[in-house]
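S.K.: Questions regarding the structure given below will be posed in turn.
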Amino acid sequence: MTRPPDAPSATANPQWGGRFAEGPAAIMKEINASIGFDQLLWRQDIEGSLAHARMLQHVGLLTSEELIAIEAGLKDIGAEIENGTFPFSEALEDIHMNIESRLSERIGEAGKRLHTARSRNDQVATDFRLWVREAIDGLLGQTRALMRALATRALEFHALPMPGFTHLQVAQPVTFGHHLLAYVEMLARDCGRLADTRKRLNESPLGSAALAGTSFPIDRQMTARALGFSRPTANSLDAVSDRDFALEYLSTLSIAAMHLSRLAEEIVQWASGAFGMVRLSDAFTTGSSIMPQKRNPDAAELVRAKSGRIAGDFLGLLTVMKGLPLAYAKDSQEDKEPVFDATRALTLSLAAMEGMVCDLQPCPERMRALAGSGFATATDLADWLVRELRLPFRTAHHVTGQLVSLAEARGCDLADLTLEDMQQVEPNITAGVFDVLSVEASLASRTSYGGTAPANVEAQAKRWLEELNATL
């Protein structure tokens, strides 16, 4: 008679089979196993095991010979995984038990001693922190590379006028370089959040064991130093159950992805026929299956979409963790896939955005035309009335509004009104008002710190490039 597919198998997991006479049901094996995704932790698992083994030998829980065998065995296992010959087993559930079982196969009893004074609970917490720490270092490098690309283009176009928007309506002229540097500032804050996350996660759970610590005379300071952690965790319950570092990491990635999405959205708009402000080459666009004229900014659109995916990864893990009592629960196994997924998505998004920033070419004449549209220098007129005629700003605002209405009724720009036209609204206006109504004059006047004056933008771009070149 054939056993149903969900019936227990005949062999229990050899790593914990002493308590269980039979193995798990097939569906239990499938839902319980994480080896399909936590293979990514293999380097960190070997690194943590080496540090643990060396500490065990240091405190007398392993002999020198056993340590030598363990080190050689783990090195060979690493080579097997790298060359694709390692025999991963779903029955062994996860990367930790797969490596430990393989080690015992290769070196015998010495391999079975490796798990002394540790649990999978502190082992996975350690491996995961090591992985996230390494991912942060990679993302910091990528983010700074994108910042440098933005600052380079900002310096190139520090004086190129473009429309500045509020409510997606033309508001005041700015320079293209100023606009690009706004994203440099955003990404700099993302780097700060990544660095802060790295600092907080950089504590070693190794030696916390299952939840209560261990009775063996271990040296947690030694393993923490060996793994590059600043200190061991201070509470064993918290150490094995904490996933704050993963949540903070995903939160930081969500904010960074949101910033990339905003820039991606602007590139989509700028490249559209309605705006016509930039062009992307064939390298970052696609065509249409039926409309031969189309040049679609698909790379930007996909970066924009991935921000939702990354935010979903954060919310998913936050929901998993919200109801867990101390200490470890199997729910925490759901921590890795969202972290791995979000990391892949942001890594790809950063690379694509850097490529687009380097690739895009502005359309200067179109940018200049739009920069002066929609009475964009109206604020400059109001400022002139305050500065030259000493009008209260609210009065100047009202006068300017009347002049805008007059120009709109006549179908012309403010600069096309005659002096007599303007004096009908405010008799004290002089010909000097026309000096402030051009786009170039508007830009040059915005000299306050952080303003869009071309000289400001040039200085800020150079400052950022100097700083970024020192870190890359």
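The values are calculated or read from the model by the stated rules, or taken from the named source; none is laboratory data. Because the structure is predicted, anything quoted here is derived from the model rather than measured. Cβ: placed from backbone, ideal geometry, glycine included. Neighbour counts: every protein chain shown. For the accessible areas, the whole protein counts, side chains as well, though only heavy atoms, and no ligand, DNA or RNA atoms are used. Shrake-Rupley method; radii C 1.70, N 1.55, O 1.52, S 1.80 Å.
S.K.: If a residue must be open to solvent by 60 Å² or more (accessible area, probe 1.4 Å) and either part of a loop (DSSP other than H, G, I, E, B) or in the same structural domain as LEU62 (by the TED database) (or both), how many such residues does region 213-224 contain?
M.R.: Here is the first cut: in region 213-224, the ones open to solvent by 60 Å² or more (accessible area, probe 1.4 Å) are 215-217, 221.
Still in the list and also either part of a loop (DSSP other than H, G, I, E, B) or in the same structural domain as LEU62 (by the TED database) (or both): 215-217.
Result for region 213-224: 3.
S.K.: Considering only region 312-332, state which residues are open to solvent by less than 50 Å² (accessible area, probe 1.4 Å) and not polar (S, T, N, Q).
M.R.: Across region 312-332, the qualifying residues are GLY312, ASP313, GLY316, LEU317, VAL320, MET321, LEU324, ALA327, ALA329.
S.K.: Right, another one. Name the residue that is farthest from GLU248 (Cα to Cα), counting only residues in region 188-210 that are open to solvent by 10 Å² or more (accessible area, probe 1.4 Å) and out of contact with any Ser or Thr (no Cβ under 9 Å at 6 or more places or on another chain).
M.R.: ARG189
S.K.: If we keep just the residues of region 59-112 that are among the acidic types (Asp, Glu) and exposed (fewer than 13 other Cβ atoms within 10 Å of the Cβ), which is nearest to GLN44 (Cα to Cα)?
M.R.: Let us first name the residues in region 59-112 that are among the acidic types (Asp, Glu), namely 65-66, 71, 76, 80, 82, 90, 93-94, 100, 105, 109.
Filter once more, so that each one left must be exposed (fewer than 13 other Cβ atoms within 10 Å of the Cβ): 65, 82, 105, 109.
Numbers: GLU65: 23, GLU82: 13, GLU105: 21, GLU109: 23 Å.
It comes out as GLU82.
S.K.: Then there's this: Restricting the search to region 153-192, which residues are under 24 Å from TRP131 (Cβ atoms) and in contact with a Leu (Cβ under 9 Å, 6 or more places away or on another chain)?
M.R.: Of everything in region 153-192, those that are under 24 Å from TRP131 (Cβ atoms) and in contact with a Leu (Cβ under 9 Å, 6 or more places away or on another chain) turn out to be LEU187, ASP190, CYS191.
S.K.: Quick check on region 226-233. Is at least one of its residues of a type outside the set (Asp, Glu), buried (at least 21 other Cβ atoms within 10 Å of the Cβ) and assigned to a helix (DSSP H, G or I)?
M.R.: No; the residues of region 226-233 include none that is of a type outside the set (Asp, Glu), buried (at least 21 other Cβ atoms within 10 Å of the Cβ) and assigned to a helix (DSSP H, G or I).
S.K.: Where residues in region 423-472 are among the charged types (D, E, K, R) and out of contact with any strand residue (DSSP E or B) (no Cβ under 9 Å at 6 or more places or on another chain), which of them is nearest to ALA369 (Cα to Cα)? Show your work before the answer.
M.R.: From region 423-472, those among the charged types (D, E, K, R) are 426, 435, 440, 446, 458, 462-463, 466-467; that's our starting set.
Narrowing the set further to residues that are out of contact with any strand residue (DSSP E or B) (no Cβ under 9 Å at 6 or more places or on another chain) leaves 426, 435, 458, 462-463, 466-467.
Details: GLU426: 28, ASP435: 18, GLU458: 22, LYS462: 27, ARG463: 30, GLU466: 33, GLU467: 34 Å.
That would be ASP435.
S.K.: Among THR116, THR126, which is the only one that is in a helix (DSSP H, G or I), touching a residue at least 12 places away in the same chain (Cβ under 8 Å), within 27 Å of SER230 (Cβ to Cβ) and of a type in the set (Ser, Thr, Tyr)?
M.R.: THR126
S.K.: Okay, moving on. What single numbered condition from (1) touching a residue at least 60 places away in the same chain (Cβ under 8 Å); (2) buried (at least 17 other Cβ atoms within 10 Å of the Cβ) fails to hold for LEU237?
M.R.: The one condition LEU237 does not meet is (2).
S.K.: Now for a separate question. When both residues are 6+ apart or on different chains and their Cβ atoms are under 9 Å apart, which pairs have a first residue that lies in region 325-354 and is among the basic types (Lys, Arg), and a second that is outside any helix (DSSP H, G or I)?
M.R.: That search, which allows pairs on different chains as well, returns LYS336/SER34.
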